[in-house]
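Worksheet for the structure shown next.
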Amino acid sequence: FINDTMYDGSTISPSFAFDGTGDYITMGNILDQDGSTAFSISTWVKYTSAGTVMIVSKQDGSNIGFLLYSGNFAGVKIAWYPCLASGGNIQVRTSGAYNDGNWHHILATYDGSGNASGAKLYIDGSLDTNIITDTFTGSSSSSGNLQISARNGTAFPFSGNQTAVQIYNKELTSTEVLHNYNALRGRFT
């Protein structure tokens, strides 16, 4: 726990509270991601303010393993940015904005194929099929620390609550995603 990350036990499901001033959780160098491995990341979030903020990331310097974040893309949308094995990155963004003060389940998957179609975003148990996809060239892969609520140290700190961060070493199916959402939604919705 870095800076003033707080444990918030005031809700039906305890969470970590981030105030957007450089507090984050670092998990060390786990989940080596070079773009050729399938994986999934799941978490519950509730924003207290909007803007470009990190949810979960893995980066060292300019080398990005992945970024799961919210950004100002004509409204605050969720973006998923996994690296590709070919030396670039892809980004998929949701069609809707989720900085409404409510809890939302975010689950990002990547199938390890190296293709833009291999990245998917599920919000509240449903696949967002109306996504926007961008492809980038440049460095991919990262030996940096996995971080919750920040990127590359204290960049783009999250402001709000986050809990139940789970990382899987496979691409979850839509059935598994819905199961994960339904298992905990009674605590948040």
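Numbers for the structure displayed
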read-out: Cα gyration tensor, segment 140-189 - rounded (a/c under 1.5), prolate or oblate; value: oblate
read-out: Label point distance in nm, S174-T154, each placed 7 Å from Cα along Cα→Cβ; value: 4.3 nm
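None of the figures in this text is laboratory data; all of them are computed from the coordinates on show. All figures in this text were calculated on a predicted structure; none of them were measured in a lab. In this analysis, Cβ positions are derived from the backbone assuming ideal geometry, glycine residues included, and neighbour counts consider all displayed protein chains.
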